[in-house]
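Values in this text are rule-based calculations from the coordinates and carry no lab data. Note that the coordinates shown come from a computational prediction; the quantities given were computed from them, not determined experimentally. Here Cβ is always computed from backbone atoms with ideal geometry, including for glycine, and neighbour counts include all displayed protein chains.
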Amino acid sequence: MFMNFNLDEIVLTDTDFAPRRARAKEYLLNFDLDRLLHTFRKQAGISSQAEPLGGWEEEVCGLRGHFTGHFLSACTRFAFGDKDPDMHLRVGQIVETLSACARPDGYLSAFEESVLDVLEAEENRDVWAPYYTLHKILQGLTDAYRFTDNRTALDLAVNLAKYIHARFQKLSFWKIDGMLRCTKVNPVNEFGGIGDVLYSLHEITGEEELLGLAKTFDRPYFLDNLAAGHDVLENLHANTHFPMILAAMHRYDLTGEAPLREAALHFLSFLAGRTFANGCSSSKATAFIPGQVSEKSEHWGAYGDLHEALTGGECESCCAHNTERVLEHAFQWTGEARWMEWLETLKYSAVLNSASSVTGLSQYHQPLGVKVHKKFSRPFDDFWCCTGSGIEAMSELQKNIWLHDGEVLLVNMPVSSVLRWKEKDLQIEQKSDFPDHASAIFTVRTSRPATFTLRWKASSVRGISLNGNPVELEAENGFVSFRGEFRDGDVIEAALTAELSEVPLPGDPTRRALRLGPVLLAEVVPEGASEVDSDAASKVDSEAASEVDSEPVSELVAEAVSEAASEASIESSAADGNPSVSGHGGRMVPIYRIETETYSVYRGQAGLAPAGSQAEEDAVQDGRAAYATNR
């Protein structure tokens, strides 16, 4: 079973992943903890003179307190991964304050207890996701124990879980079913990953009542249908149901109940047909609403049909982070290369892409249409769900680059980093500026010879050499590998595969995106470009897909796109060594390198206008309706 290395065994050294992680860490270190914990103190009757936060952490917002849980989880990972004493201190300070705010019966929240009474009485009205918020608090406390050994945090988490258990013990079967059936549009009763964290608490404590409570949140309307092979995703709110899959996978690992494994793997099959070229999902558009995205923008639509999905509200970033976790787990179960191929695209084009290179903070949605732009969370005024999941994602951004299974080391992504393989007492440094060049170099540092197998996805590499000598690779089940005895100073060079390919929009083959290997490309739209210029994109067919060597991607993409445009009789010209896709000088760049520029991803074929009018495209370009302070 392949597993990730511990967070403290990998150090990012590249120029895309590492800076975003550093920006997010800086944000956490500089955050005023009194402001962060203001609503907890207020709820507990403790005096607080701190300036309240805005957005989804306002004093009257139903989700207030959720970001504190995310914040704590992220701090614990930075503290552990970097062995950072300042982060360790922050964790202790947050837990100390939360401990002062907890009631003797275990209740701990930034919102009043009566909100749970309303949920029990009305089931899915007049509240906003209280158990979603309690999950974030539970998760933060549990992570504080797991990563920093804070025993007070564990006590707080267990006591809060027992408080929840006591409430559920008083409820009937049908009352619970009504409270936890999240099938309405934008369900206000969504409960996050509370089942998943309860399974963790059961593992830590061995307490059976926590196991029973965790199972309560595994809902049959979703999981039983998936286990039976029924595709029930259409019309469901995506990020409400991702955590249910994660909890089901966790439960399978604990109990071995086969239907749960089947449910998760069927889920991935059904999800694939609703996935964009960036590896992420969510966006069920209905009729266009002027100045807004569809109210179902965070939902799944029909399998294989995203033709109305480019509303600006597609690809909720929370979904990207949770998809990574599901794919990682599926790979642990099956060892199938396809999960890592999907994950690599997702990691570059949706997880990394979710974060600002300036602040490290996240987008809510990730627009993929024509002439769109990104909108990132503001430091103290938004606090969307994706702000919280985003800082968590940055705190563990080094995951899924290197994995191991006993004597086998899998290099999953060509990202410059240093692996400190503790079990082998060695260090391997990877240097690569992919996708700017299609190569990676590995240097081994060890005090004594070490024998192990190096492995890559077959779709990722064209050849490997050891100390300048080509090595014969053994191919098996979508991977290539070689086994050797490695000594200090050994150098392994990998020639990487990077093909330029088109990815049609499911349900509308006239609109296509371009990927360079796993990396989604975006066309930077020059200021003043006309609608026709922006939309008359090149048609890149299978004959035009071009494999690249160790040359700068900007030149190679320009050459490949220019050739494809020529074959399709579309005007093309070079600008500053970059591709011009439709004669207006637009550059093709990895989507995660877009910050403030206007860009296009899914573009129409030559002579075909994009779906919707330009007025519609302009009105929804940043999915601004999704950024309201409440639903």
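Quick notes on this structure:
- Once backbone amide H atoms are built at 1.01 Å from N, Lys371 has Tyr599, Ser600, Val601 as its partners under 5 Å, excluding neighbours fewer than 5 places away on the same chain.
- The spread of Cα positions in the range 355-451, taken along each principal axis and listed from longest to shortest, comes to 53, 28, 22 Å.
- Amide H contacts under 5 Å for Asp508: Leu306, restricted to partners 5 or more places along the chain or on a different chain, H placed in the peptide plane at 1.01 Å from N.
- Around Asp196: net Lys/Arg minus Asp/Glu count, Cβ-Cβ under 15 Å: -2
- Sorted ascending by nearby beta carbons within 10 Å, beginning with the fewest, Glu396, Glu120 become Glu120, Glu396.
- Neighbour-count order for Cys318, Cys385, Cys101, fewest beta carbons within 10 angstrom listed first: Cys101, Cys385, Cys318
- Bins of 10 Å from zero: percent of alpha-carbon pairs in the range 404-496: 16, 55, 28, 1
- For the range 1-66, the set of GluC sites (Glu not before Pro) satisfying both a DSSP loop assignment and a count of at most 16 other C-beta atoms within 10 Å is given as Glu59.
- For Leu426, the residues whose amide H sits under 5 Å from its own are Trp421, ignoring neighbours fewer than 5 places away on the same chain, with H placed 1.01 Å from N.
- Surrounding net charge for Glu597, when Lys and Arg each add one and Asp and Glu each subtract one, Cβ distance under 12 Å: +1
- Among the listed pairs Lys162/Lys215; Lys25/Lys296; Lys42/Lys296, those with a Cα-Cα distance over 25 Å are Lys25/Lys296; Lys42/Lys296.
- About the Cα centre, charge dipole magnitude for the chain (Lys/Arg +1, Asp/Glu -1 at Cβ), debye: 1360 debye
- Note on Glu209 and Asn186: with the Förster distance fixed at 30 Å, the Cβ-Cβ geometry gives a FRET efficiency of about 0.40.
- The range 1-108: trypsin sites (Lys or Arg not before Pro) falling in loop per DSSP and having at most 15 other Cβ within 10 Å: Lys83
- 3J(HN,Hα) along the range 497-506, derived from phi through the Karplus expression 6.51 cos²θ - 1.76 cosθ + 1.60 where θ = phi - 60°, amounts to 8, 8, 9, 7, 9, 9, 10, x, 6, x Hz, with x in place of Gly and Pro.
- Once both labels are positioned 7 Å from their Cα atoms along Cα-to-Cβ, the gap between Glu527 and His230 label points is 5.6 nm.
- What the phi angles of the range 193-210 give under the Karplus curve with 6.51, -1.76 and 1.60, with θ = phi - 60°, is a coupling list of x, 4, x, 4, 5, 5, 5, 5, 5, 5, 4, 6, 9, x, 6, 5, 5, 6 Hz, glycine and proline written as x.
- Those residues of the range 3-35 whose amide nitrogen sits under 18 Å from the label point placed on Gln93, 7 Å along Cα→Cβ: 24-35
- In this calculation the C-beta distance from Glu423 to Arg151 is compared with R0 = 35 Å, giving a FRET efficiency of 0.80.
- Each residue of the range 8-20 was assigned a 3J(HN,Hα) from its phi angle through the Karplus expression (A = 6.51, B = -1.76, C = 1.60, θ = phi - 60°), giving 7, 9, 10, 10, 6, 10, 7, 10, 10, 6, 4, x, 5 Hz with x at Gly and Pro.
- Extension gain, Phe173 back to Asp105 (0.36 nm per residue minus Cα-Cα distance, nm): 22.1 nm
- Here the gap between Ala302 and Glu122, fully extended at 0.36 nm per residue and compared with their Cα-Cα distance, gives a gain of 61.8 nm.
- Net length available on complete extension from Ala22 to Asp381 is 127.1 nm, with 0.36 nm assigned per residue and the Cα-Cα distance removed.
- Per-residue Cβ neighbour counts within 10 Å put Phe191, Phe78 in the sequence Phe191, Phe78, beginning with the fewest.
- Where a label projected 7 Å from the Cα of Glu59 along Cα→Cβ would reach, residues of the range 79-121 with amide N under 18 Å: 109-113
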